[in-house]
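Heads up: the structure comes next, in structure tokens.
Read the figures in this text as sums done on the coordinates, not as results from a lab. Just so you know, these numbers come straight off a predicted model, no measurement behind them. Here the Cβ is made from the backbone with ideal geometry for all residues, glycine too, and neighbour counts use every protein chain on show.
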Amino acid sequence: MVKVFNHPLIKDKLTRMRKIETQSTKFRDNLNEISQLMAYEVTKNFEMIDIEIETPVAKTVGQKLKDKVVLIPILRAGLGMVDGLKQLIPTASIGHIGLYRDESTALPKQYYCKMPDCLKDSNAIILDPMLATGGSASEAIKIVKSFNPKSISFMCLVAAPEGLNKILKDHKDINIYIASLDEKLNDKCYIVPGLGDAGDRLFGTK
């Protein structure tokens with residue numbers, strides 16, 4: 001399932017992020033806020049269980065999430081999406097995946113992977129602001145699948161059609177959530193119009 005958002009608040013905040021003059025602090029703030037807005041759709045089909053509680057007035061039956069949630073940012077830009085989701089799902093655990101591109105093969109290589117023990121049978125949400133060629137995202141999904149989570153969702157801000165097609169080819173069984181499906185990749189594999197290098201803009205490293 002692919003969901004491309006068409007929400008006024010997401011469009012407004014993403015436009016702010018795209019602007020070349022937007023500084024790191026505002027870029028980070030808007031990334032957090034968009035992540036939270038997207039989270040309502042990403043989590044809407046998570047299973048619930050009934051629990052008995054007592055309000056100041058009476059006993060009643062409420063609901064809580066049945067399964068654990070694990071947030072998995074792809075380093076380093078994916079880290080910018082964690083705080084917004086963690087505020088909404090404070091019980092979520094966090095895993096990390098680090099990938100780099102092998103210059104000789106142009107394929108993604110794993111340099112770091114640390115997952116919580118609860119990932120098995122949990123709802124995993126993989127986070128990366130950019131989906132360009134799709135190589136790193138596809139490899140990250142493959143890694144997460146090896147831990148046998150209950151479900152996998154991939155969540156990004158801007159995607160190129162080439163990257164989306166790569167994931168759809170490699171992983172037909174996951175849910176993909178995109179704030180904006182952009183036009184294409186340029187000859188340097190940057191998303192057009194995109195928003196530049198999300199990691200550099202997020203952490204002020206360029």
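Quick look at the numbers
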{"item": "Descending semi-axes in whole angstrom, ellipsoid equivalent of region 69-116, from the Cα gyration tensor", "result": "26, 11, 5"}
{"item": "Over the chain: helical MRE at 222 nm, DSSP H runs n ≥ 4 each giving -39500 (n - 2.57), nearest 500", "result": "-9500 deg cm²/dmol"}
{"item": "Burial ranking of peptide ranges 22-30, 54-62 (average Cβ count within 10 Å, highest at the top)", "result": "22-30, 54-62"}
{"item": "Residues residue 26 and residue 183, FRET efficiency given R0 of 22 Å [Cβ-Cβ distance, rounded to 0.05]", "result": "0.35"}
{"item": "Relative contact order [Cα under 8 Å, 6+ residues apart], the chain, whole percent", "result": "22 percent"}
{"item": "Taking 34, 72 and counting other C-beta atoms within 10 Å, the order from fewest to most", "result": "34, 72"}
{"item": "Average projected area [Cα convex hull, region 107-206], square nanometres", "result": "6.9 nm²"}
{"item": "Cα principal axis extents for the chain, largest first, Å", "result": "63, 37, 29"}
{"item": "Cβ-Cβ FRET estimate between residue 60 and residue 87, R0 fixed at 22 Å, reported to 0.05", "result": "0.25"}
